[in-house]
């Protein structure tokens, strides 16, 4: 009973964060729309009556498309923020894992760029429809992207996220060209899923949380080293989260 | 003489004023309203081929305004303004008879094309 109350409370709190973030993103869009119209109007008026004796006019004329471009860039970011916020609305919904992986890869691009690492999503050719919790799936995938980025950072190599389907699971395969850690990862994950659970004193306690979240989603994690060239983490999600 | 008349309905006053001016510069006759109630009142007095209607407005929401427009003025085409593309409201709006939708911030050329196509279906544009 206590666990159920905690679960409902967690879902409601996330929905609250999502609702506030979605509302704010809507407001930002409105502001961008106003800036867009005013800069557009400025351009229209200058085109209609270009001031022939004003030396700064060509400079101003060139500035307008730059503002418009930045408005549209911001609008794209706000759109992603809005979609991410809405991922917290429902803990159980029908989703295409391909789309979710594309979205979380886009959200993680900035972190990859800061570390000088290339990050690439490789969607499966067909939709990977599952019924699950989009927010928790994104949390798990992001956690493994982040770890892949850290491993790749010293040599500024690459992380890829490939989507695939097995007979009964949908998969995200996170491959990184960083230092091999597959054995260590396996031990950490196994320790988190053991009856003793995570103690908080592990080398990477969040990895334990990722493993437990994955178990709650009815999925599992496989980790392997690719010789000396990197690691492959396979995240397998069931077609539907099992009833708790 | 303008090719068609447009009613622009959005609660963001500055958005409405700047966009109205831009459309007028292109020879389009524009009226505007800052809420659904005023929009419906204006439509009793004047005929419009196209209504550009924001979905998220305080008071009478965009979907309710759309329903009332389609009921009282079935020949008027409504183009919805949405913040985020294929939202639940946007899809519902299309089901209720909206001609099309535009995502904010609006691309003026795309808006002109959609308004022209909408006006064409009612015999102008």
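The values are calculated or read from the model by the stated rules, or taken from the named source; none is laboratory data. As the structure is a prediction and not an experimental result, all values here were calculated from the model. Note: ideal-geometry Cβ built from the backbone for every residue, glycine included; neighbour counts use all protein chains shown.
Can you tell me how many residues within the stretch A:25-38 are without any contact (Cβ under 8 Å) to a residue 12 or more places away in the chain and more than 8 Å from chain B (Cβ to nearest Cβ)?
Of the residues in that region, 2 qualify.
If I ask for residues that are within 13 Å of chain A (Cβ to nearest Cβ) and under 11 Å from the mean Cα position of the chain (by Cα), which ones from the stretch B:1-15 would you list?
B:8, B:10
With (1) out of contact with any strand residue (DSSP E or B) (no Cβ under 8 Å at 6 or more places or on another chain); (2) at pLDDT 95 or above; (3) within 14 Å of another protein chain (Cβ to nearest Cβ) as the list, and residue B:37 as the residue in question, which single condition is left unmet?
Just one mismatch for residue B:37, condition (3).
Could you list, in sequence order, the residues of the stretch A:212-237 that are farther than 25 Å from residue A:200 by Cα and outside any strand (DSSP E or B)?
A:226, A:227, A:228, A:229, A:230, listed by residue number.
Filter the stretch A:99-117 for residues that are more than 14 Å from chain B (Cβ to nearest Cβ), outside any loop (DSSP other than H, G, I, E, B) and surrounded by fewer than 20 Cβ atoms within 10 Å (Cβ to Cβ) and give the result.
Across the stretch A:99-117, the qualifying residues are A:102, A:106, A:107, A:109, A:110, A:111, A:113, A:114, A:115.
Is it fair to say residue A:62 is exposed (fewer than 14 other Cβ atoms within 10 Å of the Cβ) and either within 11 Å of chain B (Cβ to nearest Cβ) or within 17 Å of the chain's Cα centre (by Cα) (or both)?
no
Which of the residues spanning the stretch A:28-50 are under 16 Å from residue A:62 (Cβ atoms) and either in contact with a strand residue (DSSP E or B) (Cβ under 8 Å, 6 or more places away or on another chain) or buried (at least 20 other Cβ atoms within 10 Å of the Cβ) (or both)?
Once the filter is applied, which keeps residues that are under 16 Å from residue A:62 (Cβ atoms) and either in contact with a strand residue (DSSP E or B) (Cβ under 8 Å, 6 or more places away or on another chain) or buried (at least 20 other Cβ atoms within 10 Å of the Cβ) (or both), the stretch A:28-50 yields A:39, A:40.
Go through the stretch A:162-192 and give me each residue that's in a helix (DSSP H, G or I) and under 14 Å from residue A:140 (Cβ atoms).
A:185, A:189, A:192
Conditions: (1) over 30 Å from residue A:70 (Cβ atoms); (2) modelled with pLDDT under 95. Residue B:70 meets all but one. Number of the miss?
Going through the list (1) over 30 Å from residue A:70 (Cβ atoms); (2) modelled with pLDDT under 95, residue B:70 breaks only (2).
Please list, ordered by residue number, the strands (runs of 3 or more DSSP E) wholly in the stretch B:17-125 having 3 or more residues that are free of Cβ contacts under 8 Å to residues at least 24 places away in the same chain and surrounded by 15 or more Cβ atoms within 10 Å (Cβ to Cβ).
Counting at least 3 such residues, we get B:100-103.
Right, residue B:110: at pLDDT 95 or above and more than 18 Å from residue B:43 (Cα to Cα) or not?
Yes.
Is it the case that the stretch A:86-96 has a residue that's away from chain B (no Cβ under 13 Å), surrounded by fewer than 17 Cβ atoms within 10 Å (Cβ to Cβ), touching a residue at least 40 places away in the same chain (Cβ under 8 Å) and outside any helix (DSSP H, G or I)?
Yes, the conditions are met somewhere in the stretch A:86-96.
Answer yes if at least one residue in the stretch A:189-196 is under 24 Å from residue A:93 (Cβ atoms), buried (at least 16 other Cβ atoms within 10 Å of the Cβ) and in contact with a strand residue (DSSP E or B) (Cβ under 8 Å, 6 or more places away or on another chain), and no otherwise.
No, the conditions are met nowhere in the stretch A:189-196.
Can residue A:78 be described as closer than 30 Å to residue B:16 by Cα, assigned to a helix (DSSP H, G or I), touching a residue at least 40 places away in the same chain (Cβ under 8 Å) and under 16 Å from the mean Cα position of the chain (by Cα)?
yes
Mind telling me which of the residues A:134, A:123, A:127 ends up being at pLDDT 85 or above, in contact with a strand residue (DSSP E or B) (Cβ under 7 Å, 6 or more places away or on another chain) and crowded, with 22+ Cβ neighbours inside 10 Å?
Of the residues listed, the single one that is at pLDDT 85 or above, in contact with a strand residue (DSSP E or B) (Cβ under 7 Å, 6 or more places away or on another chain) and crowded, with 22+ Cβ neighbours inside 10 Å is A:134.
May I ask you to verify whether residue A:241 is surrounded by 14 or more Cβ atoms within 10 Å (Cβ to Cβ), in contact with a strand residue (DSSP E or B) (Cβ under 7 Å, 6 or more places away or on another chain) and either under 24 Å from residue A:119 (Cα atoms) or without any contact (Cβ under 8 Å) to a residue 24 or more places away in the chain (or both)?
no
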